[in-house]
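Bear in mind these aren't lab numbers, they're just calculated from the coordinates by the rules spelled out. The structure displayed is predicted, hence computed values, not measured ones. Glycine also receives a Cβ, built like all others from the backbone with ideal geometry; neighbour counts cover every protein chain displayed.
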Amino acid sequence: MTARKKRKPRRKVKRRSSKSGFWFERGKLRLSSFLLVLLLGGLVFLLTLSLIGKWSSNTPTTSQISDQQKRQFIEKILPAAQQQQQQYHLLTSITLAQAALESDWGQSELASKYYNLFGVKSDQPGSKLLTTSEYVNGQWIKVTARFAVYQNWNDSITAHTKLFVNGTAWDHQHYRAVLTAQNYQQAAQALQQHGYATDPGYAQKLINLIQEYQLNKYDKQ
């Protein structure tokens, strides 16, 4: 009898599963799953925007202040600003524009609670420690500093003018160019050149405010 040859056992070939799951169908992402991912991503995005809006709404912004409120603010501080011009030659338009810009039309905490219209810092007793934004090394950062506190807005305006009249501790003529400026454009540029604010667009913002609300009409005596 002839011996039978033993057959080699066949290797089992693994077949790819054709079963479908929730996310995939035959190895491919379902269209419905893709749409669901987009929907979830959209919901997360909208929720983020909502939280940002809720946070930012705690701080008054210029867009939230009506034109009537702005006009009322100007009228309220106008007499004091004009008095400073008559006495020290500081243009009324500059005082008004700086007050509006620095205090967000009198709505900021520093202006409404502590009557500091111009963001004047101070280490004197009674000053308040607050957080503010400053432009440093090409970017805006949050810093903590002490700010002067006044009894009313008129006192703040007077102190603001005296800063230009008396100058700084290291240079009594530091802001003389602001007082001797022939027009509000020159005064605004002098403020920026002598470092009143860290904002690189400070002078132009003042000029824009003066032109938009025609504040230079109050400079005429």
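Over region 144-221, what is the relative contact order in whole percent, taking alpha-carbon pairs under 8 Å and six or more residues apart? Show your work: numbers first, answer last.
Working: 51 pairs, mean separation 11.8, N = 78.
That works out to 15 percent.
Give a quick list of chymotrypsin sites (Phe, Trp or Tyr not before Pro) in region 80-187 that DSSP marks as loop, anything other than H, G, I, E or B, with at most 14 other Cβ atoms within 10 Å. Please list the in-between numbers first.
On the way: sites: TYR88, TRP105, TYR114, TYR115, PHE118, TYR135, TRP140, PHE147, TYR150, TRP153, PHE164, TRP170, TYR175, TYR184; in loops: TRP105, TYR115, PHE118, TYR150, TRP170, TYR175.
Filter output for region 80-187: TRP170.
When the chain is fully extended, how far beyond the present Cα-Cα distance does ASP155 get from ASN183, taking 0.36 nm per residue of separation? Don't skip to the end; give the middle numbers.
Numbers: separation 28, 0.36 × 28 = 10.08 nm, distance 2.48 nm.
The ASP155-ASN183 span can extend by a further 7.6 nm.
Compactness ratio of region 67-219: Cα Rg over 2.2 N^0.38 Å, N = residue count?
Values: Rg = 14.6 Å, N = 153, 2.2 N^0.38 = 14.9 Å.
So region 67-219 has a normalised radius of gyration of 0.98.
Give the relative contact order (percent, whole number) for region 87-184; include only Cα pairs under 8 Å separated by 6+ residues.
The normalised contact order for region 87-184 reaches 27 percent.
Mind giving me the FRET efficiency for GLN173 and ARG71? R0 is 45 Å, r the Cβ-Cβ distance, nearest 0.05 is fine. Please list the in-between numbers first.
On the way: r = 36 Å, r/R0 = 0.80.
About 0.80, to the nearest 0.05.
From the C-alpha gyration tensor of region 61-122, pull out the three semi-axes of the equivalent ellipsoid (sqrt of 5λ each), sorted largest to smallest, in whole Å. Write down the numbers at each step before the final one.
Values: eigenvalues 77, 43, 16 Å².
Gyration-tensor ellipsoid for region 61-122: 20, 15, 9 Å.
Quote the FRET efficiency, to the nearest 0.05, computed for ASN166 versus THR198 with a Förster distance R0 of 22 Å and r equal to the Cβ-Cβ distance. Don't skip to the end; give the middle numbers.
Working: r = 22 Å, r/R0 = 0.98.
The value I calculate is 0.50.
Take the cross-link list LYS70/LYS162; LYS70/LYS121; LYS128/LYS205; LYS70/LYS113 and give me the ones stretching past 22 Å between alpha-carbons. Present the calculation step by step, with values, prior to reporting the outcome.
On the way: LYS70/LYS162 25 Å; LYS70/LYS121 25 Å; LYS128/LYS205 27 Å; LYS70/LYS113 18 Å.
Violating the 22 Å Cα-Cα cut-off are LYS70/LYS162; LYS70/LYS121; LYS128/LYS205.
Rounded to the nearest 0.05, what FRET efficiency do THR144 and LYS113 have when you use their Cβ-Cβ distance and R0 = 22 Å? All intermediate terms of the calculation are to be shown ahead of the outcome.
Details: r = 17 Å, r/R0 = 0.76.
E(calc), rounded to 0.05, equals 0.85.
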